[in-house]
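J.: First the structure, then my questions, so here it is.
The values are calculated or read from the model by the stated rules, or taken from the named source; none is laboratory data. What you see is a predicted model; the values in this text were computed from it and never measured. With ideal geometry, Cβ positions are generated from the backbone for all residues, glycine too; neighbour counts draw on all protein chains shown. Calculation scope for accessible area: heavy atoms of the full protein, side chains included, ligands and nucleic acids excluded. Shrake-Rupley method; radii C 1.70, N 1.55, O 1.52, S 1.80 Å.
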2 protein chains.
Amino acid sequence: MNTAELAELGQQLRVDSVRASAAAGSGHPTSSMSAADLVAVLLAHHLRYDFERPEHPANDRFVLSKGHATPLLYAAYKAAGAIEDGELLTFRKLGSRLEGHPTPRRLPWVETATGSLGQGLPVGVGIALAGKRLERTGYRVWVLCGDSELAEGSVWEAAEHAGHEHLDNLIAIVDVNRLGQRGPTRHGHDLDAYARRFQAFGWHTVEIDGHDVDKIDRAYGEALSTAGQPVVILARTLKGKGVAAVEDLEGHHGKPLPDAEEAVAELGGPRRLHVRVHEPPAAAALRDLTTEVLQLPRYDKGDEVATRDAFGAALTALGSARGDVVALDGEVGDSTRTEEFAKAHPDRFFECYIAEQQLVAAAVGMAVRGWLPYASTFAAFLTRAHDFVRMASISGSGINLVGSHAGVAIGQDGPSQMGLEDLAMFRSVYGSTVLYPCDANQTARLVAAMAGLDGIRYLRTSRGKTPVIYGPDEEFPVGGSKTLRSSEEDRLTVVAAGVTVPEALAAADRLAADGIPVRVIDLYSVKPADAETLQRAAEETGCLLTVEDHRAEGGVGDAVAEAFADGRPVPRLVRLAVRTMPGSAAPDEQLHAAGIDAVGIAAAARLLVEEAVVR
Amino acid sequence: MNTAELAELGQQLRVDSVRASAAAGSGHPTSSMSAADLVAVLLAHHLRYDFERPEHPANDRFVLSKGHATPLLYAAYKAAGAIEDGELLTFRKLGSRLEGHPTPRRLPWVETATGSLGQGLPVGVGIALAGKRLERTGYRVWVLCGDSELAEGSVWEAAEHAGHEHLDNLIAIVDVNRLGQRGPTRHGHDLDAYARRFQAFGWHTVEIDGHDVDKIDRAYGEALSTAGQPVVILARTLKGKGVAAVEDLEGHHGKPLPDAEEAVAELGGPRRLHVRVHEPPAAAALRDLTTEVLQLPRYDKGDEVATRDAFGAALTALGSARGDVVALDGEVGDSTRTEEFAKAHPDRFFECYIAEQQLVAAAVGMAVRGWLPYASTFAAFLTRAHDFVRMASISGSGINLVGSHAGVAIGQDGPSQMGLEDLAMFRSVYGSTVLYPCDANQTARLVAAMAGLDGIRYLRTSRGKTPVIYGPDEEFPVGGSKTLRSSEEDRLTVVAAGVTVPEALAAADRLAADGIPVRVIDLYSVKPADAETLQRAAEETGCLLTVEDHRAEGGVGDAVAEAFADGRPVPRLVRLAVRTMPGSAAPDEQLHAAGIDAVGIAAAARLLVEEAVVR
């Protein structure tokens, strides 16, 4: 396309953005209009993408980090022939796949869900990393960012990661339209301010007028010929460009234009340009990456092994059996034990340093490309990435997250290092699976089982050693549980998971010695929970006592309560959990102080059984 | 102190770090030893602090952002005469206030809990902001950072915030010891790499040898004489400095030295130096900031008002009545309605742009200084700050967080903007209060009530208008509820909150018309929940049906289940919640699709009542 045609295409994208938003009665046309020329030139001249084959291994990847600019994205899909005009006008309506913010679950050309700002670039870094270090099919990753979102720290985690990894297949385009939602950004049109920041993080920067299609064209060319560095194109643009009633004015964010018809006329009316997007180069599809039969580590009953150790060993074994497994570390691989994987499979190990948002985003990016990521750090610090996990669930992303050092059982380090809210966080995530093993063989099995699940999968591991209570051939289906003590005379059921399982067993032994038989259930699958077994235990023993190294809200206790959410009566349900703010102390002192050790469990059980007698 | 004395003090801090960690059998002596000279010079020459009066308004503030370096912090306390040697050796033991990571709940000289890296500087920015813009007593804020934690995006949110606000009362000291937990950092001893980054964000940088006490002294002097910019001192140090067995070597993070006795000898043995820390200048204590009687907005029954509007108006009124109220915005003040506060009280309004971690950290910093912060953004985006909220609860920080645009009820914008996990997140936080009003008068009252609570307080507001159902003089005690429909014949109780309250009322009316009386409870206080009323409703009606615009896990349903956690039987408890992934649609379509509108509630209630008959 020549200059005039490119400019026309930009106008068409504006017109269609205005029309789609007007039809919806909501949306972000002004944020689309500022970036229209940037997208027009990309689509017409530089993107290599087969819309018929979104899975093509050499397709370029495009991420709309400013996820609210969907009118522009969908207008571009229309220009590329991927959707019809009729569908464009279903924007934001019930049942339409053209949602307010893009979601890959419904649209095959969307790489990752965006709309929480500052997430597209971090995920783009993950995709680019996969392209550069694992796939090498030559695809480029284009990320369209807003200027407002550069205030998010996650953008600078991404900038640091990309700069350090020399990701010259990554091109960020920043639509510097000067205006955020409620007013001007910190830096307005000061492109240099952004350039200094990106340069400091090792990026090549290009500053342009974002409405000059020739300069845009040359900037993309410069980006593609830059080696050894990621590139950011900082484009000076005007929000609402092309329509005087809104152009460069405050107060028009996230609204249809005041008069859409007039605006379309001012933009020169509708056009019917169709863009032939460049084909990607030929590339082989991903090879079969299964290399050998999975040989999980095996532990002997009675040994003492930390579940984090079993995780490290199992992940390493999984990595040997499956070439698509990748591991990501938040600079604590010696603690989480991913360092074992790093030694065995250095080419598939990614050090993300202390940047948990980027850790999860990189995992999401790799999952986009079909890899099977296991990202791990301390359970406590995964809270840092909560919003990324939330967005990953909207994407339908299949990632494995492993949080170590769960609970007060870590001991002396104190509350800042204790994951006490992680079960609540992960249970509330849509479509998630939450696993909490108590011994090494169980851990190994669950690490392998995670690989075959959909959605967000979370595994919680522990710092200290726990006794191996299961044999290496025992199976642990997700959604199941293990009943470890049971008799017809059971007067109560203790439901434990992780570090509280051995405590529950010790308590049961004490109680049994005193003539109080109690059932013990190991609820290693916290979500989904084994409702049937819990319901039967409630019926047969009349009382459930949950015990967890976690806050009382959102964890095992709530999971057990939910097993009765079909409306059946719950006989009695009492929860032991961490109800105070711990300090520093030895692990056994911590469990005791929280009342979740064998002594605490036995005392609570005794009280409940006696109460039952009185009643 | 002269050069030799300062060096001696540094050695004493090392010796005491080694001794404390050896006594504990754990801890981070090597991370303390690298920064010992930096702290020695600060303590002896530059810090202005009255350890007898930690509340002194002109005291400098010291934040240990690398929170694991507590051996050094406590050794400094000892050198300053604040604690005795005997107490130093209780480090990390049960009952000791010298925890593995510092907590202000127990130690009066600690400003904020640290230990989750990358949080000290953001909170320090909040403290410095309060000093610069609100208090003007001339205190300086010193933040000791590690180099590893500079990978956290939150550090760059803080750097941006401080640079933009020209916080020349803020001095960051980075202990560039080259080694993280599991190995070298990205940039090793490349001080320039860090300097470029900080300069890009508008900071003055000073690079020094962090073991040369004279250079440290001069660097602090340079920092104090720098106007208009925050200053970062980048100090090249050696981890484990002074003990050959560990100095600058990998594999010694977070462990006592291999031979403490030998190490102490190598460091020249114990010393008994005592530092007279400079007194702060005289300053008046905070004046009484109550200016007038609180006049909350009043709404007429039957009007339609969004709770976010009522929040904005109530916060503005509270700001008029109390001069200690400050508001912080994440660049969505037009949506959350804090813009009303901004107009009325511009001097106490803080724009934090799209940086939710910094938003919460700044609030924590202001609370440290006795201000009463209300920080708000979309409920969905508060998940971004989960780890900051977690750490704030460890600090015992009294902050108010307000999340708008909760639930599917926002409509067309789609799932990325819908807060659907916020109740779960905030309920799991230790000592938190979680409020979810359904009408404007209730909102106004709760906004005022939050001010008087301890710990983390969360208020959830809604985007769309809801009918005003309460009069302006109705009271809403925290921990209470409102029973809106009740009779002796009630066959079921609907427990609703927020947007589902009007839906529940409409459902109750339909059911009543069909001869099925049901009770309706407005559970505006989700945590603490009104257990007594819920228990009575369960006894009297036999069945509870919870309905919430939130995921099924961790929200209202779980809160209601917890009201029976004392072991009493729960007759029947069924939950309506958002169980699928929403797309774009109108608000009423969303509520309907999720099955939480009047139709869905009535249908579920009918089913449950009929089931009860069958049984």
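J.: Once ligands and nucleic acids are excluded and a 1.4 Å probe is used, how much of A:ASP514 is accessible, expressed in Å² to the nearest 10?
T.: 90
J.: Checking buried surface per residue: for the stretch B:427-468, which residues lose a minimum of 10 Å² accessible area in the protein assembly relative to the chain alone (1.4 Å probe)?
T.: B:ARG427, B:SER428, B:TYR430
J.: One decimal, nm, shortest first: give the distances between the label point of A:ARG53 and those of the same position in the other copies, each label point 7 Å from Cα along Cα→Cβ.
T.: Spelled out, the distances from A:ARG53's label point are 7.8 nm.
J.: With every protein chain present, what is the per residue accessible area of the stretch A:170-247 (1.4 Å probe, Å²)? Could the numbers behind the result be given before it?
T.: Values: 2390 Å² over 78 residues.
Result: 31 Å² of accessible area for each residue.
J.: Rounded to the nearest 100 Å², what is the buried accessible area between B and A, both sides summed, probe 1.4 Å? Could you put the intermediate results ahead of the total?
T.: Values: alone 22500 and 22520 Å², together 36380 Å².
Counting both chains, the buried surface is close to 8600 Å².
J.: Just to confirm, what accessible area per residue do you get for the stretch A:538-615 at 1.4 Å probe, in whole Å²?
T.: Details: 2560 Å² over 78 residues.
With all protein chains present, the stretch A:538-615 gives 33 Å² per residue.
J.: Follow-up. What residue among A:VAL556, A:ILE601, A:THR483 has its Cα farthest toward the positive end of the dipole of the stretch A:482-612, where the charges are +1 on Lys, Arg and -1 on Asp, Glu, each on the Cβ?
T.: Going by the charge dipole, the pick is A:VAL556.
J.: Evaluated at 25 °C with a viscosity of 0.890 mPa s, what Stokes-Einstein diffusion coefficient in µm²/s does chain A have when Rh comes from the Kirkwood expression over alpha-carbon pairs? Let's see the in-between values first.
T.: Details: Rh = 26.0 Å.
My calculation gives 95 µm²/s for D.
J.: What residues have an amide H closer than 5 Å to that of B:VAL494, excluding those fewer than 5 places away on the same chain, when H is modeled at 1.01 Å from N in the peptide plane?
T.: B:ARG519, B:VAL520, B:ILE521, B:LEU545
J.: To the nearest 500 deg cm²/dmol, what mean residue ellipticity at 222 nm is calculated for the protein assembly as shown from DSSP H runs of n ≥ 4 alone, each contributing -39,500 (n - 2.57), summed and divided by the residues? Walk me through the intermediate numbers first.
T.: Values: 46 runs with 446 residues, N = 1230.
One gets -10500 deg cm²/dmol as the mean residue ellipticity at 222 nm.
J.: Follow-up question, since we're still on this one. Just the projected area, averaged over all directions, of the convex hull on the alpha carbon atoms of the stretch A:124-254: how many nm²? All intermediate terms of the calculation are to be shown ahead of the outcome.
T.: Values: hull surface 32.0 nm².
The orientation-averaged projected area of the Cα hull of the stretch A:124-254 comes to 8.0 nm².
J.: DSSP beta bridges in chain B, what fraction antiparallel, as a percent rounded to 5? Present the calculation step by step, with values, prior to reporting the outcome.
T.: Details: 10 of 66 bridges.
Antiparallel bridges make up about 15 percent of those DSSP assigns within chain B.
J.: Another question, if that's okay. What does the charge count near A:PRO280 come to, summing +1 for each Lys or Arg and -1 for each Asp or Glu among other residues with Cβ under 13 Å from its Cβ? Provide the component values of the computation, followed by the final result.
T.: Working: positive: A:ARG48, A:ARG53, A:ARG61, A:ARG140; negative: A:ASP50, A:GLU52, A:GLU55, A:ASP60, A:GLU135, A:GLU279.
Here the charged neighbours net out to -2.
J.: Go through the stretch B:73-81 residue by residue and turn each phi into a ³J(HN,Hα) via Karplus (6.51, -1.76, 1.60, θ = phi - 60°); whole Hz please, and just put x for glycine and proline.
T.: 4, 6, 4, 5, 4, 5, 4, 7, x
J.: Could you check the simple spin-label distance between B:GLU611 and A:GLU292, using points 7 Å along Cα→Cβ, in nm with one decimal?
T.: Between B:GLU611 and A:GLU292, the simple spin-label model gives 5.2 nm.
J.: Note the angle between two axes, namely the Cα long axis of helix B:531-541 and the longest principal axis of the Cα atoms of chain B, as a number of degrees from 0 to 90, rounded to the nearest 10.
T.: Helix B:531-541 and the main axis of chain B meet at about 20 degrees.
J.: Whole Å is fine, so just give me how far the alpha carbon centre of the stretch B:318-356 lies from that of the stretch A:78-113.
T.: Each part reduced to its Cα centre gives a spacing of 36 Å.
J.: While we're looking at this one, here's another question. Mind listing P(r) for the protein assembly as shown? All alpha-carbon pairs, 10 Å bins, whole percents.
T.: Taking all Cα pairs of the protein assembly as shown, the binned fractions are 2, 10, 18, 23, 22, 16, 7, 2, 0, 0 percent.
J.: How large is the charge dipole for the stretch A:237-360, taken about the Cα centre, if only the Cβ atoms of Lys, Arg (+1) and Asp, Glu (-1) carry charge, to the nearest 20 debye?
T.: Values: 14 positive and 23 negative charges, 110 e Å.
Using Cβ point charges on Lys, Arg, Asp and Glu, the stretch A:237-360 gives about 520 debye.
J.: Tell me the angle of helix B:598-614 to the major Cα principal axis of chain B, expressed in degrees between 0 and 90 and rounded to the nearest ten.
T.: 70
J.: With unit charges on the beta carbons (Lys and Arg positive, Asp and Glu negative) and the dipole taken about the Cα centre of the protein assembly as shown, which residue among A:LEU179, A:TYR353, B:TYR470 sits farthest to the positive side?
T.: It is B:TYR470, whose Cα lies furthest towards the positive end.
J.: With a 1.4 Å probe on protein heavy atoms only, tell me which residues of the stretch B:388-414 lose at least 30 Å² of accessible surface in the complex relative to the chain by itself.
T.: For the stretch B:388-414, once contacts with the other chains are taken into account, B:ARG390, B:ILE394, B:GLN412, B:ASP413 lose 30 Å² or more.
J.: For the stretch B:329-401, state which GluC sites (Glu not before Pro) are in a DSSP loop and have at most 16 other beta carbons lying within 10 Å of their beta carbon.
T.: Numbers: sites: B:GLU331, B:GLU339, B:GLU340, B:GLU351, B:GLU356; in loops: B:GLU331.
Answer by residue number: there is no such site.
J.: To continue, here is another question. Computing the accessible area with a 1.4 Å probe over protein heavy atoms, can you report the carbon and sulfur percentage for the stretch B:527-615? Don't skip to the end; give the middle numbers.
T.: Values: 1700 of 3020 Å².
So the carbon and sulfur contribution to the accessible surface is 56 percent.
J.: If a/c stays under 1.5 just call it rounded; otherwise compare a/b with b/c (prolate if a/b is bigger, oblate if not). Do that for the stretch B:303-468, with a ≥ b ≥ c from the square roots of the Cα gyration tensor eigenvalues. It would help to have the intermediate numbers written out before the result.
T.: On the way: a/c = 1.41, a/b = 1.12, b/c = 1.25.
Note, shape of the stretch B:303-468 comes out rounded.
J.: Once you've got the Cα coordinates, tell me which of B:LYS66/B:LYS255; A:LYS78/A:LYS215; A:LYS215/A:LYS255; B:LYS301/B:LYS465; A:LYS301/A:LYS527; B:LYS482/B:LYS527 are over 19 Å apart.
T.: On the way: B:LYS66/B:LYS255 16 Å; A:LYS78/A:LYS215 25 Å; A:LYS215/A:LYS255 30 Å; B:LYS301/B:LYS465 13 Å; A:LYS301/A:LYS527 26 Å; B:LYS482/B:LYS527 14 Å.
Table pairs above 19 Å Cα-Cα are A:LYS78/A:LYS215; A:LYS215/A:LYS255; A:LYS301/A:LYS527.
J.: Pairing the Cα long axis of helix A:191-200 with the longest principal axis of chain A, what angle in degrees results, from 0 to 90 and rounded to the nearest 10?
T.: That helix lies at roughly 50 degrees to the long axis.
J.: Which is farthest toward the positive dipole end of chain B among B:TRP371, B:LEU13, B:GLN535, measuring Cα position about the Cα centre, with Cβ charges +1 (Lys, Arg) and -1 (Asp, Glu)?
T.: B:LEU13
J.: Averaged per residue, what accessible surface does the stretch A:303-432 expose to a 1.4 Å probe, in Å²?
T.: Details: 1990 Å² over 130 residues.
Accessible area per residue: 15 Å².
J.: Using alpha carbons only, how many angstrom separate the centre of the stretch B:397-438 from the centre of the stretch B:249-305?
T.: Each part's Cα centre sits 29 Å from the other's.
J.: What are the distances, in nm and sorted shortest first, from the label point of B:ARG536 to the label points of the same position in each other copy, with each label point placed 7 Å from Cα along the Cα-to-Cβ direction?
T.: 4.1
J.: Can you give me the % of accessible surface on the stretch B:353-449 that is carbon or sulfur? Probe 1.4 Å, all protein chains present, nothing else counted.
T.: Working: 380 of 860 Å².
It is 44 percent, rounded to a whole number.
J.: Still on this structure, please answer the following. Provide, for q = 0.21 Å⁻¹, the log10 of I(q)/I(0) from a solvent-free Debye sum over equal Cα point scatterers in the stretch A:482-612.
T.: -1.22
J.: Could you state the number of Å between the C-alpha centres of the stretch A:1-77 and the stretch B:3-35?
T.: 59
J.: Given H placed on each backbone N at 1.01 Å, which residues far from A:PHE378 in sequence or on other chains put an amide H within less than 5 Å of it?
T.: Hits under the 5 Å cutoff: A:SER404.
J.: Going by the rotation axis that takes chain A to chain B, pick out the residue of A with the closest C-beta and quote the gap in whole Å.
T.: A:GLY153, 1
J.: How much of the DSSP beta bridge set in the stretch B:303-468 is antiparallel, as a percent to the nearest 5?
T.: Working: 3 of 24 bridges.
Counting DSSP beta bridges with both partners in the stretch B:303-468, the antiparallel share is about 10 percent.
J.: Show me, bin by bin at 5 Å from 0, the whole-percent P(r) of the stretch A:383-449 based on Cα pairs.
T.: 3, 14, 24, 22, 20, 12, 4, 0
J.: Shifting gears a bit: Would you mind telling me the antiparallel percentage of the DSSP bridges in the stretch A:482-612, rounded to 5? If you can, show how the numbers build up before the last one.
T.: Working: 3 of 15 bridges.
Approximately 20 percent, going by the DSSP bridge assignments.
J.: Under unit Cβ charges (Lys, Arg +1; Asp, Glu -1), what dipole magnitude, rounded to 20 debye, does the stretch B:482-612 have relative to its Cα centre? If you can, show how the numbers build up before the last one.
T.: Working: 13 positive and 22 negative charges, 29 e Å.
The dipole of the stretch B:482-612 has a size of about 140 debye.
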